[in-house]
Amino acid sequence: MNVAREPAGLPEARRSVAVGTFDGVHRGHLQVIEAARTVGLRTSIVTFDPHPRAVLGGQVELLTTLERRLELLADAAVDDVLVLRFDEELAALSAEDFAEQMLRGIGAETVAAGETFRFGRGREGDLDLLERLGFEVRRVPLLENVSSSRVRELLHGGAPERAALLLGRPPEVEGIVVRGDGRGRELGFPTANLDVPNRLLVPPDGVYAGSALDRPAAVSIGTNPHFDGVERRVEAHLLDFDGDLYGERLVVEIWSAIREQRRFESLEELVAAIGDDVERTRIATRPV
């Protein structure tokens, strides 16, 4: 999959293009990509980084980093991706100029998008405008209750299984593995401590069943109240794994909630609870 940061960075081709932020690359996004693919031209994506809402003064917690978004787009068999830097200059571009420079400029003949798609300065452009400009438009019906915003709501509500149904795969959290306090190893349950990128959504505090590196993982999210922790952390204990992950990027799937974070009466009670977390993780099933 070719990835470019400006239109000239992509090879010349006749293209069918899907446009959007594609945060999470959920089932609705995949439906738009499939609509673009069925045209028979080179399937391409035009997307944005950072998230437009963050630039325009809003708050947004991302479901995926740009790196993960590109991996998921590659999994969807996309040929090319144009990642446009969303800044004040791009936000000020008229809808017609955006269509000519960023769509026709990469050889787009067909544009696939959700029925409510808007673009350009002040969101002035729509699919009708693209048709008037001579593009073939594939209008994709919206999937009911499937959106990045709805996925965020479900994750904040502690419902990763329901979020997975919208995504078409389990929700994820990722980061670079850094050194922690080493308590997990001392207790017999070594963990990978993630340095999670800013703006990436992290599910509510608790212990979850999940996976990483294609093996089950018990995932702890929170401040470690038993040891009076104050820093919120994401730590994953990979079952039956013995290796050094420091400095590695790790993507962790979140499958289901096991229990809340809490303080225990003794260290022995904590170890027993972690042992139970591991066993419940071992028999957990991937939600999608």
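The values are calculated or read from the model by the stated rules, or taken from the named source; none is laboratory data. What you see is a predicted model; the values in this text were computed from it and never measured. Don't worry about glycine lacking a Cβ; one is built from the backbone with ideal geometry, like all the others, and counts go over all protein chains shown.
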Residue 194 fails exactly one of the following numbered conditions: (1) in contact with a strand residue (DSSP E or B) (Cβ under 6 Å, 6 or more places away or on another chain); (2) touching a residue at least 60 places away in the same chain (Cβ under 8 Å). What is the number of that condition? (2)
What are the residues in region 91-120 that are surrounded by 13 or more Cβ atoms within 10 Å (Cβ to Cβ), within 15 Å of residue 20 (Cα to Cα) and charged (D, E, K, R), if any? 118
Would it be correct to say that residue 167 is within 24 Å of residue 27 (Cα to Cα) and at pLDDT 95 or above? yes
Among 161, 172, the single one that is closer than 18 Å to residue 73 by Cα, surrounded by 15 or more Cβ atoms within 10 Å (Cβ to Cβ), touching a Ser or Thr at 6+ places or on another chain (Cβ under 9 Å) and not hydrophobic (A, V, I, L, M, F, W, C) is 172
When you scan region 1-45, how many residues do you find that are surrounded by fewer than 24 Cβ atoms within 10 Å (Cβ to Cβ), under 20 Å from the mean Cα position of the chain (by Cα) and assigned to a strand (DSSP E or B)? 3
Would you point out the residue of region 251-278, among those that are under 18 Å from residue 192 (Cα atoms) and out of contact with any helix residue (DSSP H, G or I) (no Cβ under 7 Å at 6 or more places or on another chain), that is surrounded by the fewest Cβ atoms within 10 Å (Cβ to Cβ)? 275
Pick out the one residue from 161, 186, 174, 131 that is farther than 30 Å from residue 120 by Cα, touching a strand residue (DSSP E or B) at 6+ places or on another chain (Cβ under 9 Å) and in a helix (DSSP H, G or I). 161
Give, as residue ranges, the helices (runs of 4 or more DSSP H) completely inside region 60-101 that count at least 2 residues that are closer than 21 Å to residue 15 by Cβ and either in the same structural domain as residue 26 (by TED's automatic domain parsing) or among the acidic types (Asp, Glu) (or both). 66-75, 95-98
If we keep only residues of region 216-239 that are outside any strand (DSSP E or B) and in contact with a helix residue (DSSP H, G or I) (Cβ under 9 Å, 6 or more places away or on another chain), then the residue nearest to residue 269 (Cα to Cα) is 226
Residue, surrounded by the most Cβ atoms within 10 Å (Cβ to Cβ), within region 203-215, restricted to residues that are in a loop (DSSP other than H, G, I, E, B) and free of Cβ contacts under 8 Å to residues at least 40 places away in the same chain: 213
Residues satisfying the stated conditions in region 119-168, i.e. touching a residue at least 60 places away in the same chain (Cβ under 8 Å) and of a type in the set (S, T, N, Q): 147, 148
